[in-house]
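Presented below is the structure to which this report refers.
The values are calculated or read from the model by the stated rules, or taken from the named source; none is laboratory data. What you see is a predicted model; the values in this text were computed from it and never measured. Virtual Cβ from ideal backbone geometry, glycine too; neighbours counted across all protein chains shown.
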Amino acid sequence: MFGIGVWEIVVIVLVALLVLGPEKLPDVARQLGRIMRDLKRTTNELQTTFQEAMLDEEERHRRERLRPEVMPAPGIEPRPALTALPKPGAPMPADVNRATASAAAPPPDTDRHEG
């Protein structure tokens, strides 16, 4: 504890007893204990806040590093992002209708042989 041995603590307590007297020593010890407790609590809160800030910064940095650069291939026009879904009952865009029609069509029958 702070590099202080048992005999050094005994000497400090005896000097404090001689200087403060037996009436004031318990009150001073209580105040010193409260100060140490508050200092420890404040230090722990500061350390926790600092660690949370560091984790947030690491997470932000990780997200920036992992975010893919969205670059279209050379010669290809970028498509606009989908901003809103169509309202129920509204006609679907032509490319969606084509995709769903081809997906819903039955596969060609390859088991039948003509001839």
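In table form, for the structure just shown:
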| item | result |
| --- | --- |
| Only one of Leu14, Leu55 that is part of a helix (DSSP H, G or I), surrounded by 10 or more Cβ atoms within 10 Å (Cβ to Cβ) and at pLDDT below 90 | Leu14 |
| Criterion (in a helix (DSSP H, G or I), at pLDDT below 85 and either out of contact with any strand residue (DSSP E or B) (no Cβ under 6 Å at 6 or more places or on another chain) or loosely packed, with under 10 Cβ neighbours inside 10 Å (or both)) met by exactly one of Arg37, Arg65 | Arg65 |
| Among (1) at pLDDT 75 or above; (2) in a helix (DSSP H, G or I); (3) under 42 Å from the mean Cα position of the chain (by Cα) - the single one Val96 does not satisfy | (1) |
| Where a residue in region 8-20 is closer than 19 Å to Gln31 by Cβ and its partner, wherever it lies, is part of a helix (DSSP H, G or I), with Cβ under 7 Å and at least six apart | Ala16/Leu25; Leu17/Leu25; Leu20/Val28 |
